[in-house]
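Step one of this worksheet: look at the structure below.
The values are calculated or read from the model by the stated rules, or taken from the named source; none is laboratory data. Everything numeric in this text was worked out from a predicted model, so none of it was measured. Quick reminder, even Gly has a Cβ in these numbers, built from the backbone with ideal geometry, and neighbours come from all protein chains shown. All accessible areas refer to the heavy atoms of the entire protein, side chains included, with ligands and DNA or RNA removed. Shrake-Rupley method; radii C 1.70, N 1.55, O 1.52, S 1.80 Å.
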Amino acid sequence: MHYTFKIERGNFTDAGQASSSVKRTLKQLGVDPVNIKRTVVALFEAEINAVAHAYGGTIDVDIDGEKIVMVVADEGPGIPNIDLAMQEGWSTASPQVREMGYGAGMGLPNIKKNTDDLKIDTKIGVGTTVTMTVYLT
Amino acid sequence: MKIREIAQLVDGVLVGAPVDEFYEVEKAFASDLMSDVLRFNMDQTVLITGLCNNQTMRTCEMADIRVILMGRDKQPDQDMIDLAVENDIVIIKSRYSIFKLSGILYGAGIQPLY
Ligand SMILES: Nc1ncnc2c1ncn2[C@@H]1O[C@H](COP(=O)(O)OP(=O)(O)OP(=O)(O)O)[C@@H](O)[C@H]1O
Ligand SMILES: [Mg+2]
C-alpha cells in the first residue's frame with residue numbers, strides 16, 4: 001500500500017497529521033503496538049523537522065507484509081553537517097520552533113533509534129530527503 | 001494511582017477524553033520539550049507539562065500517553081480538546097507550577113521515569 005501526504009512550511013497547527021493518519025492505518029492493519037510506536041515516532045520527528053527546519057515537502061509511505069518504508073522529502077536549506085545533526089542535543093531550532101516544544105536536538109537520534117535503516121540525502125540550498133525503514137518481523 | 005486521585009491532589013479540572021476509571025498511573029515525566037518525551041516508553045506514565053498547543057497532543061498521540069497534567073494554569077483550546085478526545089487522552093488542568101505538580105506527585109508515590 002502506498003500513501004502520500006503534503007507537509008506545509010511552518011504550520012504547527014496541522015503538523016503531525018500525516019503521522020497521525022499513518023498511525024491509524026497501521027492500527028487498522030493490525031501491526032503490533034511496538035512496531036507502530038517505532039514507526040510513528042520516527043515519522044513524526046521527520047515530519048516535524050520538515051515543518052520546522054525546511055519549507056515543507058512530501059511524505060511517501062509504503063507498507064507491505066514485511067516492512068514500512070517512509071520517505072520525507074523537503075525543500076529547504078539542507079543539513080551542512082549530518083554527523084553534528086545526528087548528535088543528541090544539537091539543534092539550530094529558531095525561537096518560534098522552540099516555542100512549539102521542539103529544539104531538544106533529539107529528533108534525528110530518535111529516528112535513528114527507532115528505525116532499522118536510516119538514510120539522509122541532503123543538498124545545501126536545495127533540500128533534504130530522509131528515508132526510514134522499519135522491518136515488521 | 002487513578003486519574004481522578006491525581007486530579008484531586010492538584011486541584012485539577014478534567015477535560016478531553018472520558019476518564020478511564022481503571023487506568024493506573026505509575027510514573028511521571030515532566031518536560032516542555034516534545035522530542036525529549038518521544039525518547040521513552042511512556043506506558044502508565046503521566047506527562048507533566050506547561051506546553052499547551054496542538055503539538056503537545058500530537059506528541060502524546062505518537063507516544064501513547066493517555067494522561068497529561070497541564071500546569072501553570074494553561075488553557076487548552078477546542079482544537080486541543082478535540083484531539084484529546086479523538087486520541088483517548090485525558091487532560092488534567094491545574095493552576096500549580098510544574099515544580100509544585102512534580103513535588104505533589106512524587107510525594108504521593110508516583111515514580112520518576114528515570
Ligand atoms: N529537514 C531538515 N532540514 C534542514 N535542517 C535539518 C532538517 N532536519 C534536521 N535539521 C538540522 O539538524 C538539527 C538536529 O535535528 P533534530 O531533529 O535532531 O533536532 P531539532 O529538530 O533541532 O530538535 P528536536 O527534534 O529535539 O525537537 C536541527 O536543529 C537542524 O539544524
Ligand atoms: Mg527535530
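Which residue, B:Met34, B:Met57, B:Met70, has the most motion in a Gaussian network model of chain B that connects Cα atoms within less than 10 Å?
Taking springs between Cα atoms under 10 Å, the residue moving most is B:Met34.
Write down the percent of antiparallel bridges among all DSSP beta bridges whose residues are both part of the protein assembly as shown, to the nearest 5. Could you put the intermediate results ahead of the total?
Numbers: 35 of 49 bridges.
Rounded to the nearest five, the antiparallel share is 70 percent.
So which chymotrypsin sites (Phe, Trp or Tyr not before Pro) in segment B:1-46 end up in coil per DSSP with only 10 or fewer other C-beta atoms within 10 Å? Numbers along the way, then the final one.
Numbers: sites: B:Phe22, B:Tyr23, B:Phe29, B:Phe40; in loops: B:Phe22, B:Tyr23, B:Phe40.
Sparse-neighbourhood loop chymotrypsin sites (Phe, Trp or Tyr not before Pro): B:Phe22.
Rank B:Gly103, B:Gly16, B:Gly50 by mean-square fluctuation in a GNM of chain B with C-alpha springs under 10 angstrom and give only the top-ranked residue.
Its mean-square fluctuation being the largest, the pick is B:Gly103.
Just how many % of Cα pairs in segment A:2-135 lie over 26 Å apart, if you round to the nearest whole percent?
On the way: 1393 of 8911 pairs.
More than 26 Å apart: 16 percent of the Cα pairs in segment A:2-135.
Please state the relative contact order of segment B:49-91 as a whole percent: Cα pairs under 8 Å, 6+ residues apart? Spell out each step's value before the answer.
Numbers: 40 pairs, mean separation 22.0, N = 43.
Answer for segment B:49-91 is 51 percent.
Probe radius 1.4 Å, ligands and nucleic acids left out: which of A:Ser91, B:Ser94 has the largest accessible area, and how do the rest follow? Don't skip to the end; give the middle numbers.
Details: A:Ser91 35, B:Ser94 5 Å².
Descending accessible area places them as A:Ser91, B:Ser94.
Over chain B, with a single point scatterer placed on each C-alpha, what log10 of the ratio I(q)/I(0) does the Debye formula yield at q = 0.10, 0.13, 0.20 1/Å?
Computed log10 I(q)/I(0) values: -0.22, -0.39, -1.02.
I want to verify a result. In a Gaussian network model of chain B, Cα cutoff 10 Å, which of these has the top mean-square fluctuation: B:Arg66, B:Arg39, B:Arg95?
Sorting by GNM fluctuation, first place goes to B:Arg39.
For A:His53, A:His2, give the ranking by accessible area with the largest first, probe 1.4 Å.
Working: A:His53 80, A:His2 100 Å².
If we order A:His53, A:His2 from most to least accessible, we get A:His2, A:His53.
Which three lengths, in whole Å and largest first, does segment B:51-114 cover when its Cα atoms are put on their principal axes?
Principal extents (largest minus smallest coordinate, Cα): 32, 23, 15 Å.
Just grab the label-to-label distance for A:Thr13 and B:Gln75, each label 7 Å out from Cα along the Cβ direction, in nm (one decimal).
In this crude spin-label approximation the distance works out to 1.9 nm.
State which stretch of chain A is the longest one without any exposed GluC sites (Glu not before Pro), exposure meaning a DSSP loop state and at most 16 other Cβ atoms within 10 Å. Don't skip to the end; give the middle numbers.
Details: sites that count: A:Glu66, A:Glu88.
Here the longest run is A:1-65.
Relative contact order for chain B: what percent, with Cα pairs under 8 Å and sequence separation of 6 or more?
Working: 220 pairs, mean separation 38.4, N = 114.
Averaging sequence separation for qualifying contacts and normalising by length gives 34 percent for chain B.
Counting each DSSP H run of 4 or more residues in the protein assembly as shown as -39500 (n - 2.57), what helix-only mean residue ellipticity at 222 nm follows after dividing by all residues, to the nearest 500 deg cm²/dmol? Before the final figure, lay out the partial values.
Working: 10 runs with 89 residues, N = 251.
The helix-only estimate for the protein assembly as shown comes to -10000 deg cm²/dmol at 222 nm.
Scanning chain B for GluC sites (Glu not before Pro) in DSSP loops with at most 15 other Cβ atoms within 10 Å, what's the longest stretch left with none? Write down the numbers at each step before the final one.
On the way: sites that count: B:Glu21, B:Glu26.
Counting at most 15 other Cβ atoms within 10 Å as exposed, the longest clean stretch of chain B is B:27-114.
Across all directions of projection, what mean area in square nanometres is found for the Cα convex hull of the protein assembly as shown? All intermediate terms of the calculation are to be shown ahead of the outcome.
Details: hull surface 50.9 nm².
Dividing the Cα hull surface by four gives the mean projection, 12.7 nm².
Determine which lysines satisfy two conditions relative to A:Lys67: a Cα distance under 27 Å, and not lying fewer than 8 residues away in the same chain.
Qualifying lysines at Cα under 27 Å: A:Lys6, A:Lys23, A:Lys27, A:Lys37, A:Lys112, A:Lys113, A:Lys119.
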